[in-house]
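Novice: Below: one structure in structure tokens.
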Amino acid sequence: LDNPRGCVFGYASDAFIEFEVVSPQRDWTSAHALSLRACQGSRHPSTVAEDGDLDFSITLRDGAGVSSTIRIGVYGGGLEEPFERSGQGTGSGWANEFETIRLHLRDFVAQGSGLDLSDVVAVRLEFGPSFGSATGRICIDDLEITAE
């Protein structure tokens, strides 16, 4: 998960991006949170159409196929919409404004999900009307597991 690259993509229907967790890094029992640094893509028609916080879901899956999903909106919002600035091109919102979202790993095992944090094999980010905001443009810069 610690890769110095980022990605930018848009969606207008259900979509996902999934990251495999390599075997030496699958035991998350001593970790505290899943941390994601992302933003909405400024000046994009999907961002303008959403005109608000962008909501999506994050799913963890273990080696036995058990999964647990959290919608980021339950933490009080989503990815903030870019400030409506003008100048420096057409439209408004000229700067992508990254923010960090932290999901406590204990929340993924709450209420008896059965997820085994000692064997996490995949992290899936899920977008679209079934998982949050119907449309969007997102930039992801960082995805990591934190100790605190």
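The values are calculated or read from the model by the stated rules, or taken from the named source; none is laboratory data. These numbers come from a predicted model, not from an experiment. In this analysis, Cβ positions are derived from the backbone assuming ideal geometry, glycine residues included, and neighbour counts consider all displayed protein chains. What goes into the accessible areas is simple: the full protein's heavy atoms, side chains included, and nothing from ligands, DNA or RNA. Shrake-Rupley method; radii C 1.70, N 1.55, O 1.52, S 1.80 Å.
Novice: In segment 1-26, which residue that is in contact with an Asp or Glu (Cβ under 8 Å, 6 or more places away or on another chain) and at pLDDT below 90 is most open to solvent (accessible area, probe 1.4 Å)?
Specialist: Across segment 1-26, the extreme among qualifying residues is 2.
Novice: Does residue 148 fit the bill of being among the acidic types (Asp, Glu) and exposed (fewer than 14 other Cβ atoms within 10 Å of the Cβ)?
Specialist: Criteria met by residue 148.
Novice: Taking interchain pairs and intrachain pairs at least six residues apart, which have beta carbon atoms under 7 angstrom, with the first residue in segment 92-107 and over 29 Å from residue 29 (Cβ atoms) and open to solvent by 20 Å² or more (accessible area, probe 1.4 Å) and the second polar (S, T, N, Q) and at pLDDT below 80?
Specialist: Within 7 Å, the pairs are 92/86; 94/42; 94/88; 95/42; 96/42.
Novice: Let me ask something else about it. If you scan segment 6-43, which residues turn out to be closer than 17 Å to residue 143 by Cβ and basic (Lys, Arg)?
Specialist: Scanning segment 6-43 gives 26, 37.
Novice: If the Cβ limit is 7 Å and pairs must be 6+ apart or interchain, which residue in segment 17-38 that is within 10 Å of residue 122 (Cα to Cα) pairs with which residue that is assigned to a loop (DSSP other than H, G, I, E, B)?
Specialist: As it stands, the answer is 19/1; 21/1; 26/119, since those pairs meet every condition given.
Novice: Out of the residues in segment 27-55 that are within 22 Å of residue 112 (Cα to Cα) and in contact with a strand residue (DSSP E or B) (Cβ under 7 Å, 6 or more places away or on another chain), state the one that is surrounded by the most Cβ atoms within 10 Å (Cβ to Cβ).
Specialist: Top of the filtered list is 34.
Novice: Shifting gears a bit: Kindly establish whether residue 78 is within 24 Å of residue 134 (Cβ to Cβ) and either surrounded by 12 or more Cβ atoms within 10 Å (Cβ to Cβ) or at pLDDT below 95 (or both). Walk me through how you get there before you give the answer.
Specialist: Values: within 24 Å of residue 134 (Cβ to Cβ): yes; either surrounded by 12 or more Cβ atoms within 10 Å (Cβ to Cβ) or at pLDDT below 95 (or both): yes.
Judged against the criteria, residue 78 is a match.
Novice: Taking into account only those residues within segment 117-145 that are in contact with a helix residue (DSSP H, G or I) (Cβ under 7 Å, 6 or more places away or on another chain) and outside any strand (DSSP E or B), which is surrounded by the most Cβ atoms within 10 Å (Cβ to Cβ)?
Specialist: From segment 117-145, those in contact with a helix residue (DSSP H, G or I) (Cβ under 7 Å, 6 or more places away or on another chain) are 117, 132-133, 135-137; that's our starting set.
Keeping just the survivors that are outside any strand (DSSP E or B) gives 117, 132-133, 135.
Details: 117: 18, 132: 19, 133: 22, 135: 19.
Filtering first and then ranking leaves 133.
Novice: Now for a different question. Mind checking whether some residue in segment 96-106 is at pLDDT 90 or above and part of a helix (DSSP H, G or I)?
Specialist: Yes, segment 96-106 contains a residue that is at pLDDT 90 or above and part of a helix (DSSP H, G or I).
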